[in-house]
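Notes to accompany the following structure.
The values are calculated or read from the model by the stated rules, or taken from the named source; none is laboratory data. For clarity, every value in this text was computed on a predicted model and none was experimentally measured. Using ideal geometry, Cβ is built from the backbone for each residue, glycine included, and neighbour counts are taken over all protein chains shown.
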């Protein structure tokens, strides 16, 4: 019963660290850079519409990233 919870091929420390760094870098780019780029590139919008747009971009990216990470975890890639 406990064997199904164990990964078939456990990853090593180096791969785990590199995977963590890659996830952190992608997370920073997607969750910080993209909404910031939207704020700086869009002109002629009101303050409240910019806030709504960047908040929406942030949460859509957050849920998409969580979905991708869960999919990778199910496939035992991370």
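Some values worked out for this structure:
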{"quantity": "For residue 72: the one exception among (1) surrounded by 14 or more Cβ atoms within 10 Å (Cβ to Cβ); (2) under 28 Å from residue 13 (Cα atoms)", "calculated": "(1)"}
{"quantity": "Residue within the stretch 14-31 that is touching a helix residue (DSSP H, G or I) at 6+ places or on another chain (Cβ under 7 Å), outside any helix (DSSP H, G or I) and surrounded by 13 or more Cβ atoms within 10 Å (Cβ to Cβ) present", "calculated": "no"}
{"quantity": "Failed criterion for residue 63 (all others in (1) assigned to a helix (DSSP H, G or I); (2) modelled with pLDDT under 90 hold)", "calculated": "(2)"}
